1. Could you pull out the residue among Tyr135, Tyr161, Tyr154 that is closer than 18 Å to Ala18 by Cβ and touching a residue at least 12 places away in the same chain (Cβ under 8 Å)?
2. Mind checking which residues of the range 212-221 are at pLDDT 95 or above and open to solvent by 30 Å² or more (accessible area, probe 1.4 Å)?
3. Out of Asn297, Asn308, which single residue is over 15 Å from Tyr220 (Cβ atoms), touching a residue at least 40 places away in the same chain (Cβ under 8 Å) and in contact with a strand residue (DSSP E or B) (Cβ under 9 Å, 6 or more places away or on another chain)?
4. Tell me which residues, restricted to the range 219-269, are part of a helix (DSSP H, G or I) and in contact with an Asp or Glu (Cβ under 7 Å, 6 or more places away or on another chain).
5. Among what's in the range 49-88 and is of a type outside the set (Phe, Trp, Tyr), open to solvent by less than 70 Å² (accessible area, probe 1.4 Å) and modelled with pLDDT of 90 or more, pick the residue that is farthest from Ser21 (Cα to Cα).
6. Can you tell me which residue among Glu278, Glu200 is without any contact (Cβ under 8 Å) to a residue 24 or more places away in the chain, under 22 Å from the mean Cα position of the chain (by Cα) and not in a strand (DSSP E or B)?
7. Residue by residue through the range 10-29, note down the ones that are open to solvent by less than 10 Å² (accessible area, probe 1.4 Å), without any contact (Cβ under 8 Å) to a residue 60 or more places away in the chain and of a type outside the set (Asp, Glu).
8. Of the residues that sit in the range 31-40 and are touching a strand residue (DSSP E or B) at 6+ places or on another chain (Cβ under 7 Å) and surrounded by fewer than 19 Cβ atoms within 10 Å (Cβ to Cβ), which one is farthest from Ala193 (Cα to Cα)?
Amino acid sequence: MKILIVNIYYFPNVVGGAENSIKLLAENLAKDNEVSVFCAATGISNKETINGVDVYRCRSDQYKLPHFNDVNLFEKVRNKLLELKNHSMIVEYLKIVDSFKPDIVHTNNLYGLSSELWKVTKEKGIPIVHTLRDYEIFNPLPNQIHISRIMSEYIKEKSKYVDILTAPSKYMVNYAKEASFFSNAKFEVIPNAVEVDIDEIRNIIDTRMLNDEPNVHYLYAGMLSKHKGLDILLRAFSQIHNDSIDLTICGAGKLEPLVKEYLKRDSRIKFRGQLGNEQLVGEYKSADVLIVPSQWNEPFGRVVIEGNKFGLPVIGSNKGGIKEIVDSIQGGILFQSESVEDLVNSIVYLSNRNNIKLYYNNILEKIQKYSIEKQVNSFVFLYRELLMKAEKI
């Protein structure tokens, strides 16, 4: 099967969990299929092969890639207007489609590319799967309500060309349904995934079970921002007078000055900054509990399963996809997102190492629900279903 995956960015241009999830999916699909990726370039157009996946990067021309450039309000509006019919990008995309001749096109984040890609793909007779990874299509310009509404209606109209809409959580699927997008699509929940080595996880958990150290180490890993709930976490942690706990914060963002203020006041708080993958893995292994205090409805909450993968019970807010993962694996506890008191109580509860150990068996037994093998099988099943349907028409 020939699969063309489309997303605004692809490794090494990573701005969030979407790019990590797409890379993992592409490389594992490529083990038994021919997989290419179409994305925007941060420089000149080029083609390269990364771990068996051909990656076509197309120069963005007038579109100013927001995560790799300083973009003012005027440029944001211009960018969004360009997206409606990004002609140069569509021309380049069609060149790749004509040369690669995919059986399936699997689109993801299309900002910077154009929802017009759905229409031109359908005109080629190619089935389309779209994975919803954020809220961009529903509210393209949050601070420009009138323009945002017009653009959203345009994207909604183009979404009728999608055959199957997937999302990593029930919350996101329901959000799309309620917004009346993807009117002709079948809806499916396919969670994001991690690479699961069950023997390695068993060894990690066996080691953790033997740990009777009195000190408990908490970890926050993510963007330093209010919508991720870091300010609430700092307030909650500072209210707990227990010298046997500490908190390590990893990440970068606008709340770094606030983090540094708390560092001066509380020697239990440590700040590591933005870490590479290997360094972050070291922090996961050193920690006892992961805290994910998001204040917005996460489309999924990938960090939760990444923490569970390293044997960490999770304290997560009851928002969006986070709640679904915690409920599914039973690998941690939920707190009321806006409640500092509830978060304090959750941290205190897991300050007892015996309580931490209650979650290890659940993690070991249920983490494979989020394995990349399971995700690949789910997508391949949908791809084949579409191809069989196309043959009958």
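The values are calculated or read from the model by the stated rules, or taken from the named source; none is laboratory data. Model, not experiment: these values are computed from the prediction. Reconstructed Cβ throughout: ideal geometry from the backbone, glycine too, with neighbour counts over all protein chains shown. Note: accessible area is taken over every heavy atom of the protein model, side chains too, but ligands, DNA and RNA are not part of it. Shrake-Rupley method; radii C 1.70, N 1.55, O 1.52, S 1.80 Å.
1. Numbers: Tyr161 fails: closer than 18 Å to Ala18 by Cβ; Tyr154 fails: closer than 18 Å to Ala18 by Cβ.
When all the criteria are applied, what remains is Tyr135.
2. Residues of the range 212-221 that are at pLDDT 95 or above, as a first pass: 215-221.
Selection gives Asn215, His217.
3. Result: Asn308 is the single residue among Asn297, Asn308 that is over 15 Å from Tyr220 (Cβ atoms), touching a residue at least 40 places away in the same chain (Cβ under 8 Å) and in contact with a strand residue (DSSP E or B) (Cβ under 9 Å, 6 or more places away or on another chain).
4. Within the range 219-269, the subset part of a helix (DSSP H, G or I) is 230-238, 256-265.
Across the range 219-269, the qualifying residues are Ser238, Leu258.
5. My answer is Cys58.
6. On the way: Glu200 fails: under 22 Å from the mean Cα position of the chain (by Cα).
Answer to the selection: Glu278.
7. First pass over the range 10-29, keeping only residues open to solvent by less than 10 Å² (accessible area, probe 1.4 Å): 10, 19, 21-22, 25-26, 29.
This time we only want the ones that are without any contact (Cβ under 8 Å) to a residue 60 or more places away in the chain, so: 10, 19, 26.
Those that are open to solvent by less than 10 Å² (accessible area, probe 1.4 Å), without any contact (Cβ under 8 Å) to a residue 60 or more places away in the chain and of a type outside the set (Asp, Glu): Tyr10, Ala26.
8. Initially, the range 31-40 is screened for residues touching a strand residue (DSSP E or B) at 6+ places or on another chain (Cβ under 7 Å), giving 33-40.
Among the residues that remain, those that are also surrounded by fewer than 19 Cβ atoms within 10 Å (Cβ to Cβ) are: 33-34.
Numbers: Asn33: 19, Glu34: 20 Å.
By that ranking, first place goes to Glu34.
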